[in-house]
1. What does the convex hull of the Cα atoms come to per residue for the stretch 1-160, in Å³?
2. Please give the helix 52-64 orientation as an angle from the longest Cα principal axis of the chain, in degrees from 0 to 90, rounded to the nearest 10.
3. Probe of 1.4 angstrom, ligands and nucleic acids ignored: what's the accessible area per residue over the chain, in square angstrom?
4. Given the Cα-Cα distance of Lys124 and Ile95 and 0.36 nm per residue of separation, how much length would full extension add, in nm?
5. Just the number, please: carbon plus sulfur as a percent of the accessible area of the chain, 1.4 Å probe, no ligands or DNA/RNA counted.
6. For Tyr197, list long-range residues whose amide hydrogen, built 1.01 Å from N in the peptide plane, is under 5 Å from its own amide hydrogen.
7. Residue by residue through the stretch 194-205, what is 3J(HN,Hα) from phi via Karplus (6.51 cos²θ - 1.76 cosθ + 1.60, θ = phi - 60°)? Round to whole Hz and write x for glycine and proline.
8. Between the helical axis of 306-323 and the dominant principal axis of the chain, each derived from Cα atoms, what acute angle in degrees is found, rounded to the nearest 10?
Amino acid sequence: MINYTGDRVNFGLAVERARALTNVRFETFTVADDTALTSADKTAGKRGLSGAQMVLKIAGAMAEQGKSLDEILDMLSTKVAPHLGTIGLSLGPCILPGRTTSSFVLGDDEMELGLGVHGEAGVKRIKVASAKESVRTMLSHMTNAKSATHLALKNGDYVAVLLNNLGAISNLEMGVLAHEVVSQLEENHKVSVRRFYSGVFFTSLEMPGFSISVLKLTSSDIVGFLDAETTCGGWSGQAHPRKLEGKRPKLADPILDIKNTSSQGPESDKFGHEALLKAVTFACEAIMSCEEQLNIMDSGSGDSDCGSTLKRGAEAILSAVKKSTDITSRPSVLFHLISSVAETDMGGMS
């Protein structure tokens with residue numbers, strides 16, 4: 001069970017009833033992986049968070065392999081729980097079933113750090129930041145030696161990491177977060193990420209947030225239990241980060257010198273240069289002035305962004321031409337510019 005008052009009461013009652021009804025041995029194990037609390041005073045202790053999923057996976061694999069209850073409890077209490085930590089972050093709360101309001105309110109520029117999974121508030125409000133800054137703040141809080149609940153990481157530690165979607169984070173955003181979590185752990189905290197899991201493991205209904213769980217791999221057996229095959233719905237797969245030892249050879253990028261090697265084409269005379277410059281300028285300004293009309297026309301068959309996309313491209317072309325008017329002296333160079341803008345500045349257009 002995870003460390004919340006209601007969980008402990010109800011699981012405790014269930015165990016007592018089971019012991020009274022059967023001779024089968026029952027024991028409880030409490031997961032408390034929260035690293036958000038900076039002090040143990042005036043609290044109910046560390047909460048159970050998404051790290052519980054790795055605990056359950058390990059315990060389930062051990063049971064499936066025929067390990068005894070004592071062996072499972074010993075593994076969890078000595079090699080897993082003391083080396084597990086979790087920290088969460090959210091851009092907003094969830095609304096519990098049966099209620100019409102959330103348990104906390106955030107400003108448009110705020111995030112909640114160190115929250116629980118039942119909609120309860122965290123330990124700190126911070127300003128909205130990039131994925132890089134957000135992950136850095138979370139990992140710093142998790143490993144802060146001054147915090148009573150911190151997870152101690154040292155250079156060279158092997159770890160398993162679980163990036164958990166609290167309910168409303170898109171796959172695209174989870175991919176960005178996954179990159180930041182792995183790279184920052186390995187580069188800033190000097191640990192080796194041997195197993196990495198990302199997905200919807202332990203939600204808080206529709207909460208737009210995520211949590212990071214880190215488990216230090218103190219035994220090779222733990223990796224085996226994490227890797228053990230399972231078909232249960234709550235475990236959404238596994239990933240094995242590729243670990244490249246030593247320096248990788250740096251290959252030359254042929255694209256970097258393309259401007260120096262590509263053909264510039266014939267050069268126009270002064271009249272042709274000025275005529276092309278005026279034509280390009282007029283065309284771009286005309287497109288920009290029709291943004292709203294083109295968007296309205298596009299709404300009948302598309303996603304209403306044709307005008308905005310064309311305007312964005314026209315602005316980029318005008319900006320490039322103004323910086324270097326010589327572009328219009330060579331039609332080939334101008335056409336290369338237009339194609340480049342279409343690719344980089346108008347990528348949403350189809």
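The values are calculated or read from the model by the stated rules, or taken from the named source; none is laboratory data. Please read all numbers here as calculations on a predicted model, not as lab measurements. Positions of Cβ are backbone-derived with ideal geometry, glycine not excepted, and every protein chain shown enters the neighbour counts. Note: accessible area is taken over every heavy atom of the protein model, side chains too, but ligands, DNA and RNA are not part of it. Shrake-Rupley method; radii C 1.70, N 1.55, O 1.52, S 1.80 Å.
1. Numbers: hull volume 24.6 nm³, N = 160.
In the stretch 1-160, the Cα convex hull volume per residue is 154 Å³.
2. Its long axis makes an angle of about 60 degrees.
3. Values: 19980 Å² over 350 residues.
Value returned for the chain: 57 Å² of accessible area per residue.
4. On the way: separation 29, 0.36 × 29 = 10.44 nm, distance 1.98 nm.
Value of the extension gain: 8.5 nm.
5. 55 percent
6. Val161, Leu162, Leu163
7. 8, 9, 9, 10, 9, x, 8, 9, 8, 8, 10, 6
8. 60 degrees
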